[in-house]
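This report concerns only the one structure given below.
Read the figures in this text as sums done on the coordinates, not as results from a lab. All of these numbers come straight from a predicted model, not from anything done at the bench. Cβ placement follows ideal geometry from the backbone for every residue including glycine, while neighbour counts extend to all protein chains displayed.
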Amino acid sequence: MELRHLHVVLTVAEAGSISRAASLLKIAQAGLTAQLRRIERGFGGPLFLRRTDGVELTELGRHVVLRSRDLVERFDDLLVTARKLAAESDVTGIRLGGVAGSLTPLLVGVVRSLLPAHPQTTHLERTSDAVLDLVRAGKLDLALVTEFPQSPLRIPEQAGCRTVVTEPMLVGIAVGHRLSARNEIRLSELADEEWAVPDESYGGGRLNLHLACEAAGFTPRCAHFGVDPASASELVRSGHTVACFFPTGHDLPGVLLKPIVGNPVHRRVTVVWRRDCAAAEYVDEIHAALLRAYQERIWAHGPRTAKLAATGLTVAAS
C-alpha cells in the first residue's frame, strides 16, 4: 500500500462516485474501478458500497478514510517543512573563530551585519595556534587571531590573511602608584615590581614581555600566573602588582593604563579566512567593517583610551 492509494480512496469518498472521482484524477473510469478493487483487497474488505447513484462508505471504509486524512495531512506538512528546511540549507553557514577574551565579538557582529542571510557559529580557543589548526582542518571559515613579534604564527596554506590593526601593550598601575603622574613609563622603571602575567601558552604575550624586559636590563618578577584581564585588574588595584593590557579591553576602574616608551611589546590582530568558504568573496567588506568596529570600540572607552591606543596603534588600510 502506498500513499498514492490513500489519495485515490479519499478522492472517491469526497466525490461520492467513481465516475466523478475518475474525472478528478484524470484517469479512465474502468482503470479507477480496477485500481480501487486492488486497494480494497489490500485493506482486506470493501471500502465502498456501489449504488446506482454513486458510492457509500462501509464501516471499514469510514475507518480507512478517517485515518488516511490524518496521514495525508501529516505527510503534506512533512513536505512543506522539509522543503523549507532544504531551502534554508541552501544558504551556507559561516563558522567563525578566535581567541577567548580577544576581539572575536567584533568579528561576530560584523559578519552578522554584512551577511544576515548566512547562519553563523562561533568557536573560541585559548591560543591563536589552536584557532589556526581549526582553520587548517576545515572546521572554521573565518577567524581573528593575534600575533606577537617573537611568536610568529603559521598561516594555513589554504587560507588568506590580512592585518586589521597592530596594538601596543600598555602597562596597568594602581591610581596611587609612584609613577601614576607620568605620561609614559620606561620598562626599566618597573624592574622592582611584581607582575601579573597570563598563562605561558596563552598566545605568546608572556614570552614577549619577558624578552622585552630582558632587553631593558632585567628579568620581570612574575608573582601571579595564569590571570585573565579581570583578575589582573583586581591585583593591580591592590597597589602591589602591575600588569599589561591592550587598549580594547573593558573599563578598569582604579587602574591607570600607561604607554611604555618605545612600545617594545605589541601584537598584530589579523583576520584569516579559508579561500573556499562562503565569506571569502566578502573579505574586503569584512576587513573594512572590522576597522570601523575597532575604532568605534576604542572611542567607546573614552578619549583617554583612544589617546593611549594612538601612542602605538597602527591601523591597516581598508
Worksheet, complete the sentence: Karplus-derived 3J(HN,Hα) from phi for segment 53-67 (6.51 cos²θ - 1.76 cosθ + 1.60, θ = phi - 60°), whole Hz, x at Gly and Pro, runs 9, x, 10, 9, 5, 7, 4, 4, x, 5, 5, 5, 5, 4, 5
Discussion item. Report for the chain the percent antiparallel among DSSP-assigned beta bridges with both residues inside it, nearest 5.
Written reply: 65
Response to the item:
Candidate cut points under GluC sites (Glu not before Pro) in segment 101-174, DSSP loop plus at most 15 other Cβ atoms within 10 Å of their own Cβ, are GLU157
Item to complete: Find the relative contact order for the chain and round it to a whole percent, using C-alpha pairs within less than 8 Å whose residues are 6+ positions apart.
Response: 19
Worksheet item: Treating the beta-carbon of each Lys and Arg as +1 and of each Asp and Glu as -1, no other charges, what is the dipole magnitude of the chain about its Cα centre, to the nearest 20 debye?
Response: 880
Practice prompt. Kindly provide the helix-only [θ] at 222 nm of the chain, computed as the sum of -39,500 (n - 2.57) over DSSP H runs of four or more divided by all residues, to the nearest 500 deg cm²/dmol?
Written response: -13500 deg cm²/dmol
Fill in: Electrostatic dipole magnitude of segment 170-258 [Cβ: Lys, Arg +1; Asp, Glu -1; Cα centre; debye, to 20]
240
Fill in: Cleavage-rule hits, GluC sites (Glu not before Pro), segment 193-297, DSSP coil, Cβ neighbours within 10 Å at most 14
GLU200
Item to complete: Answer with one residue from ILE27, LEU140, PHE246: the one whose Cα lies farthest towards the positive end of the charge dipole of the chain, charges on Cβ with Lys, Arg +1 and Asp, Glu -1.
Response: ILE27
Worksheet entry | Gyration tensor verdict on segment 170-258 (Cα atoms; rounded if a/c is under 1.5, prolate if a/b is larger than b/c, oblate otherwise) | oblate
Worksheet item: Given H placed 1.01 Å from N in the peptide plane, which residues other than close sequence neighbours of MET169 have an amide H under 5 Å from its amide H?
Response: VAL265, HIS266, ARG267
Worksheet item: Against the longest principal axis of the chain, how steep is helix 283-300, in degrees 0 to 90 to the nearest 10, with axes from Cα atoms?
Response: 50
Worksheet entry | Alpha-carbon Rg/Rh ratio, for the chain, with Rh computed the Kirkwood way | 1.40
Worksheet item: Taking the alpha-carbon centroid of each part, what is the distance from segment 101-115 to segment 203-244 in angstrom?
Response: 29
Worksheet entry | In degrees, nearest ten, helix 104-114 long axis to first principal axis of the chain (Cα) | 50
Practice prompt. Calculate how steeply helix 3-15 sits against the longest principal axis of the alpha-carbon atoms of the chain, using the helix alpha-carbon long axis, and give the answer as 0 to 90 degrees to the nearest 10.
Written response: 50
